[in-house]
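Notes follow once the structure below has been shown.
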Amino acid sequence: MSKKPLKKRKTPIVELNQVTPATTEDSLWRSFFQRNFIILWVPIFILGTFLRLYILTDQILLDDEWHSVTFIIGRSLLDAFTSINPTDNSSPLLNAYTMLLYNTLGLSETLLRLPVVLVGLVSLIVLPVSIKKLFGARVAVIFSALLAISPFLIFYSRFFRAYILIMFFSFWSLLAFFNWIRSGHRKYAVFVVLLGGIAAYLHPCSSIIVIVPFIFSFSMICNRKRTSRFFNSLGIVVSRRQFFTVFLFTALLTALALYPMFAHLSELPLLKGAISFSGLEDAFFLLCGTSNVPLAVAFFLLLIGGSILIIKRQPLIGLTFASIIPGYFFFFLLVHPFGIGNGVVILRYMIATVPMALLAVAIGLERLCERMESSAFPAFRKRQLFFSLIPFAFVGMLLVFGPIPEIYTKPNNFTNHSAFQGAYSAPNWRYTEQHNVYPGFKLQKEQIPPFYLLPELKDITAIIEYPFDICNHNNLIYFYQHYDKKPRIAGFCSNCSAHDLTVADPSKAESGFSLGLLGLDDFLPSYKKQDRLHFSKVIDITNDAALARNHGAALVIHKTLMALNMIPGKEYFIMVHYNSVRRFVEKFSRTLGPPWYEDDDIVVFKIK
């Protein structure tokens with residue numbers, strides 16, 4: 001009995017690193033990137049490292065960076081691992097890390113930020129190498145350049161919250177999933193389970209990027225016969241048994257990671273926000289890394305073109321990416337988390353999609369180079385070299401026309417302020433312009449306290465501000481600093497229980513109001529072991545020895561503060577008086593001499 005001849009496969013399985021058919025000329029150039037990947041990647045890594053570390057030690061912890069620091073007060077290590085703060089949420093892993101620091105080395109800006117800094121740097125190594133396995137060396141080099149200069153990822157690689165960790169572990173778990181399902185290797189399966197569990201433990205929203213790939217792939221595996229040609233193009237080799245085994249372990253670990261959130265579900269600030277068009281627009285410009293419209297349009301076109309190419313050439317990866325985006329928006333529409341109308345909040349919830357977008361842009365840039373190389377004048381090596389520089393010219397323009405040159409300049413102690421990070425348009429220094437979940441107070445240049453414009457400040461080494469409000473929406477010191485050009489130190493009082501405040505206009509203190517204000521005095525004195533606080537940019541103003549070490553600095557005591565008046569249904573700013581200022585004026589008049597400057601709002605002492 002004769003066997004029937006095998007039918008010729010019409011749709012070949014696409015290899016992981018095969019992106020486009022290559023000509024001889026193009027193959028030579030691809031082999032150049034393959035052979036010299038490390039040489040090309042090293043300067044990019046150095047640039048990315050510099051942008052993540054530059055003037056980092058000068059930065060004062062601000063706003064959300066204090067969440068874990070305030071959370072651990074009065075709690076045990078077990079609480080840190082298993083509980084969350086429903087209103088000012090922080091990752092249980094960072095809470096536990098903060099608790100361990102406090103009980104060992106002590107708390108400092110550098111030690112607190114160390115995990116996010118390290119993960120930010122490691123991502124510059126691990127992610128490009130993983131992309132190289134899937135898409136080839138040239139795409140990986142372009143991707144690493146975009147990753148290195150992405151302002152959003154740079155910012156969260158310097159900011160003590162879990163977002164850069166979420167990006168890294170979520171996206172890495174996604175790449176491991178593709179490697180596993182298309183190779184069947186057990187080591188990738190282990191990575192999928194462990195990395196997905198860590199990502200979900202860092203933030204519950206990460207479970208979307210962990211679970212959605214399983215849902216999409218499950219739909220394909222169940223329809224394997226009906227969609228055989230399409231299924232073959234996906235390159236899925238794992239059996240149903242393998243698939244469900246890995247999914248079961250991933251789901252169980254993810255469920256355990258989500259336990260702290262479900263335990264406080266009724267207390268979470270859900271159903272309190274709504275997505276807005278302006279928020280989506282801001283999120284897009286944050287994703288692009290520039291407010292320059294022509295560059296943003298180019299980024300968008302490359303993003304769309306690269307996404308189509310991924311779907312056509314690597315349908316499993318492309319369609320999984322395309323499935324993840326609706327997953328996030330379904331989550332937003334379902335739970336309406338607080339602040340979701342703000343662009344920076346939208347994108348940090350979806351931060352794992354940032355490298356997905358950068359990958360699509362990298363593939364779009366590579367395809368653009370290929371088209372131009374094949375249709376340009378017939379010079380050989382020079383032509384290839386010239387057009388291969390186009391992606392790096394684009395990356396350079398994103399860097400130059402992005403926010404980095406404006407933000408990361410000395411002496412800026414507030415690079416993590418929402419005035420800089422809420423949007424990437426150039427700051428208008430005629431007035432304050434902040435981008436907060438809460439409304440920001442607007443101050444004209446002419447309203448800056450006269451002290452901060454005095455010519456005598458040229459001899460001052462630094463300015464210590466007390467009391468220091470950590471909330472972005474109240475903190476205007478970044479605006480003063482633009483004009484006085486002096487480094488800042490945040491002051492607190494170790495023997496104060498809380499601010500002693502009086503509303504300037506009692507008629508505005510309506511029933512049910514509260515002040516959106518949080519000074520360092522409100523929580524740092526609660527630490528029983530004050531000797532474990534080693535902040536370099538925070539000083540106890542009652543510690544005479546600490547003040548003396550800041551020879552040549554000016555100590556500014558604020559008599560009045562502008563605070564957000566929070567009433568259900570409406571919010572506005574009101575002036576409040578800091579009543580305890582009198583005792584500090586008496587104290588420092590004895591120890592430091594008469595005030596150097598005084599007006600209705602501040603009194604200033606010079607530390608000699």
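Residue-by-condition table, conditions (1) acidic (D, E); (2) over 22 Å from A426 (Cα atoms); (3) touching a residue at least 24 places away in the same chain (Cβ under 8 Å); (4) buried (at least 18 other Cβ atoms within 10 Å of the Cβ):
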residue: P294; (1), (2), (3), (4): no, no, no, no
residue: L303; (1), (2), (3), (4): no, yes, yes, yes
residue: S307; (1), (2), (3), (4): no, yes, yes, yes
residue: I310; (1), (2), (3), (4): no, yes, yes, yes
residue: Q314; (1), (2), (3), (4): no, yes, yes, yes
residue: F331; (1), (2), (3), (4): no, yes, yes, yes
residue: R348; (1), (2), (3), (4): no, no, yes, yes
residue: A362; (1), (2), (3), (4): no, yes, yes, yes
residue: M372; (1), (2), (3), (4): no, yes, no, no
Exercise. Can you tell me which residue in segment 400-445 is modelled with the lowest pLDDT, limited to those that are surrounded by fewer than 17 Cβ atoms within 10 Å (Cβ to Cβ) and closer than 20 Å to I55 by Cβ?
Worked result: A426
Exercise. In this structure, does L100 turn out to be more than 30 Å from Q314 (Cα to Cα), of a type outside the set (S, T, Y), touching a helix residue (DSSP H, G or I) at 6+ places or on another chain (Cβ under 6 Å) and open to solvent by 30 Å² or more (accessible area, probe 1.4 Å)?
Worked result: no
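Yes/no matrix, rows are residues, columns are (1) at pLDDT 95 or above; (2) of a type in the set (K, R); (3) part of a loop (DSSP other than H, G, I, E, B); (4) buried (at least 24 other Cβ atoms within 10 Å of the Cβ):
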site	(1), (2), (3), (4)
A148	yes, no, no, yes
L153	yes, no, no, yes
S173	no, no, no, yes
R182	no, yes, no, no
A189	no, no, no, no
G197	no, no, no, yes
Exercise. Assuming S497 fulfils every condition listed in (1) at pLDDT below 90; (2) among the small types (G, A, S); (3) in contact with a strand residue (DSSP E or B) (Cβ under 6 Å, 6 or more places away or on another chain) apart from one, which condition is it?
Worked result: (3)
Exercise. Here are some residues: S219, S233, S207. Which one is in a helix (DSSP H, G or I), of a type in the set (S, T, N, Q), modelled with pLDDT of 85 or more and open to solvent by 10 Å² or more (accessible area, probe 1.4 Å)?
Worked result: S207
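For segment 236-260: of the residues being part of a helix (DSSP H, G or I) and among the small types (G, A, S), which is most open to solvent (accessible area, probe 1.4 Å)? Outline the logic, then answer.
Start the filter on segment 236-260 by keeping residues that are part of a helix (DSSP H, G or I), which leaves 240-257, 259-260.
Right, trim to among the small types (G, A, S) and you get 251, 255, 257.
On the way: A251: 34, A255: 59, A257: 12 Å².
Residue satisfying both the conditions and the ranking: A255.
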Exercise. Which residues, taken from segment 44-83, are closer than 29 Å to I464 by Cα, surrounded by 17 or more Cβ atoms within 10 Å (Cβ to Cβ) and aromatic (F, W, Y)?
Worked result: W66, F71
For this session: Within segment 103-124, track down each residue that is surrounded by fewer than 20 Cβ atoms within 10 Å (Cβ to Cβ) and over 20 Å from I164 (Cα atoms).
Result: N103, T104, L105, G106
Problem set entry | Residue identified as modelled with pLDDT of 95 or more, surrounded by 20 or more Cβ atoms within 10 Å (Cβ to Cβ) and farther than 24 Å from H203 by Cα among F143, F135 | F143
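Quick one: count up the residues across segment 112-151 that are touching a residue at least 24 places away in the same chain (Cβ under 8 Å) and either among the polar types (S, T, N, Q) or under 19 Å from T57 (Cα atoms) (or both). Steps first, answer last, please.
Here is the first cut: in segment 112-151, the ones touching a residue at least 24 places away in the same chain (Cβ under 8 Å) are 112-113, 115-117, 119-128, 130-151.
Still in the list and also either among the polar types (S, T, N, Q) or under 19 Å from T57 (Cα atoms) (or both): 112-113, 115-117, 119-121, 123, 130, 144, 150-151.
So the count comes out to 13.
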Problem set entry | segment 538-549, subset open to solvent by less than 40 Å² (accessible area, probe 1.4 Å) and in a loop (DSSP other than H, G, I, E, B), residue modelled with the highest pLDDT | I541
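Filter segment 513-537 down to residues that are small (G, A, S) and open to solvent by 60 Å² or more (accessible area, probe 1.4 Å), then give me how many there are.
Taking segment 513-537 and keeping what is small (G, A, S), we get 514, 516, 519, 526, 536.
Checking the rest, the ones that are also open to solvent by 60 Å² or more (accessible area, probe 1.4 Å) come to 526, 536.
Residues flagged as small (G, A, S) and open to solvent by 60 Å² or more (accessible area, probe 1.4 Å) within segment 513-537 amount to 2.
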Exercise. Of all the residues that make up segment 91-123, how many are more than 30 Å from A145 (Cα to Cα) and in a loop (DSSP other than H, G, I, E, B)?
Worked result: 5
Exercise. How about segment 573-608: which of its residues are open to solvent by 50 Å² or more (accessible area, probe 1.4 Å) and part of a strand (DSSP E or B)?
Worked result: M575, H577, E598, K606
Problem set entry | Contacts under 6 angstrom Cβ, first residue in segment 544-559 being closer than 19 Å to F451 by Cα, partner part of a strand (DSSP E or B) and open to solvent by 10 Å² or more (accessible area, probe 1.4 Å), 6 or more apart | A554/K606
Seminar exercise, completed: Given the conditions (1) in contact (Cβ under 8 Å) with a residue 60 or more places away in the chain; (2) hydroxyl-bearing (S, T, Y); (3) surrounded by 14 or more Cβ atoms within 10 Å (Cβ to Cβ); (4) within 25 Å of P204 (Cα to Cα), every one holds for T87 apart from (3)
Exercise. Within segment 551-572, how many residues turn out to be closer than 17 Å to P467 by Cβ and either open to solvent by 40 Å² or more (accessible area, probe 1.4 Å) or part of a helix (DSSP H, G or I) (or both)?
Worked result: 2
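The values are calculated or read from the model by the stated rules, or taken from the named source; none is laboratory data. This structure is a prediction, so every number in the text was calculated from the model and none was measured. Note that we place each Cβ from the backbone using ideal geometry, even for glycine, and neighbour counts take in every protein chain shown. Quick note on the areas: whole protein, heavy atoms, side chains included, nothing else; ligands and nucleic acids left out. Shrake-Rupley method; radii C 1.70, N 1.55, O 1.52, S 1.80 Å.
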